[in-house]
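J.: Just passing along the structure, written as C-alpha cells.
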Amino acid sequence: MTFSLVLACLWVIGAAIAALFPSRDKHWKTAYVLAAVGLPLWLFIVYENGIWAGAVTAIAGALVLRWPLIYFGRWLRRLLKEMSNGSA
C-alpha cells in the first residue's frame, strides 16, 4: 500500500473519531478541516496511484462529507437559478 493510501486511511479514521465526540456547531468546523486536508491528499493519491484509485477515494470522501456536499449542491443550484432568473 502506498504512502498516500495510508494517509487516506488515517484521514477516514480521524473523521470517524471526530464524529464520536459531541459538537456545538454540528461538526462543521471538523468538516472544513477534513475538506482542507482531504483535497490535497486526494490530489496526492491521484498522482501516486492513478485516476481509478482517485475515483474510489473521492467516492469514499464524498460519503464521509456527504452533508457539506449536499448543502454545497443546494447553494449552487440556488445560485444558478438566481442567475438564470436575473438574466431573463
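J.: Quick one: compute the contact order of the chain, relative version, from alpha carbon pairs under 8 angstrom and 6+ residues apart, as a percent.
T.: For the chain, the relative contact order is 30 percent.
J.: Could you check how much of the accessible area of the stretch 1-62 is carbon and sulfur, as a whole percent, using a 1.4 Å probe?
T.: 78
J.: Now for a different question. Cα axis of helix 3-20 to longest principal axis of the chain: angle in degrees, 0 to 90, nearest 10?
T.: 60
J.: Okay, next question. Give me the angle, in degrees from 0 to 90, between the Cα long axis of helix 66-86 and the longest principal axis of the Cα atoms of the chain, rounded to the nearest 10.
T.: It works out to around 30 degrees.
J.: Return the FRET efficiency for the residue pair residue 29, residue 52: r is the Cβ-Cβ distance, R0 is 25 Å, and the value is rounded to the nearest 0.05.
T.: 0.20
J.: Pop a pseudo-label 7 angstrom from the Cα along the beta-carbon direction at both residue 59 and residue 13 and give the gap in nm to one decimal.
T.: So the two model labels end up 2.4 nm from each other.
J.: Continuing with the same structure: Give the accessible surface of the stretch 1-78 per residue, rounded to a whole number of Å², with probe radius 1.4 Å and ligands, DNA and RNA excluded. Don't skip to the end; give the middle numbers.
T.: Values: 5950 Å² over 78 residues.
Value for the stretch 1-78: 76 Å² per residue.
J.: Still on this structure: Which one of 41, 4, 62 is farthest out on the positive end of the charge dipole of the chain, using unit charges on Cβ (Lys, Arg +1; Asp, Glu -1) and the Cα centre as origin?
T.: Value computed over the given set: 62.
J.: Computed from the coordinates I sent, Cα extents along the principal axes in Å equals one of (1) 44, 28, 22; (2) 43, 22, 21; (3) 53, 36, 16. Tell me the label.
T.: Identified label for the calculated read-out: (3).
The values are calculated or read from the model by the stated rules, or taken from the named source; none is laboratory data. Computed from a predicted model, the values in this text were never measured in an experiment. FYI the Cβ positions are ideal-geometry reconstructions off the backbone, even for glycines, and counts take in every protein chain you see. Only protein heavy atoms, including side chains, enter the accessible area calculation; ligands, DNA and RNA are left aside. Shrake-Rupley method; radii C 1.70, N 1.55, O 1.52, S 1.80 Å.
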